[in-house]
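Below you'll find the structure, written out as structure tokens, and then a few comments.
Only the coordinates and a few stated rules stand behind these numbers; no lab work does. Since we're looking at a predicted model, the values are computed, not measured. Cβ coordinates were reconstructed from backbone atoms using ideal geometry, including for glycine residues, and neighbour counts include every protein chain displayed.
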Amino acid sequence: MHENQNSAADVTMRVPRPVPPPPADVTLRMPHPFPPPYGESRPIRPRLLWIFLSWALFVVLLVAGVGGFAGGLFSTIGDAAPRTIFSGGQSVNVALDPADKPAIYAAVDQPTDVRCQLGDGADPRVRLTRPAVSQTVSLNGTTWELLFEAGVPEAGTYQLACEGDGVRFGVGRQLAGGALVSGALVGGAIALLALPTVGFLAALIVTIVVLARRSAARRRMA
């Protein structure tokens with residue numbers, strides 16, 4: 001008979017060790033929840049910057065309109081000022097065109113008698129007439145006074161002779177001539193009126209629209 005090899009003394013058992021309880025002073029810390037996000041105030045649209053820009057544009061257009069009118073006025077004066085200048089007692093040949101409204105000017109420091117003759121007197125259509133209104137043109141420190149309006153039948157070269165002690169004569173254009181008034185001066189006047197008007201209306205409309213929309217945005221946010 002064989003003996004039982006597994007004796008009671010050879011049997012062993014492993015019992016898991018019990019987990020010791022945490023020390024009394026140990027506390028479990030739970031992570032704190034994130035605080036709820038706070039609502040951020042949004043800027044009111046549209047911004048007031050649009051009002052500033054619209055009125056800045058009005059100022060720019062106003063300056064441009066004044067500059068355009070001044071430029072047209074200076075251009076008109078420059079076109080009317082004499083270009084052919086000669087002294088009293090001289091005779092010159094000048095190119096005249098009836099479409100330019102030619103005129104004879106004089107620059108004198110004191111009152112004196114003057115006399116001018118246009119052409120040789122053979123053609124009655126070539127004549128000098130007194131202006132209906134007094135006109136003066138100041139350019140480069142010289143004041144020119146309108147003496148005669150030159151009437152010619154057609155464009156061409158005509159002989160002009162003037163006499164006057166100490167007087168400078170010049171051939172230019174009438175300041176109130178139709179070509180001058182309807183050209184640069186009228187264009188400058190239109191610029192003076194149109195540009196600032198457009199700028200003002202645009203700035204006014206932008207201001208009203210921006211303020212109205214900002215007021216509506218405040219009511220929605222309230």
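Calculate the FRET efficiency for Q90 and V63 from the Cβ-Cβ distance with a Förster distance of 41 Å, rounded to the nearest 0.05.
Calculated value: 0.35.
Rounded to the nearest 0.05, what FRET efficiency is calculated for F52 and T136 with R0 set to 35 Å and r the Cβ-Cβ distance?
Calculated value: 0.20.
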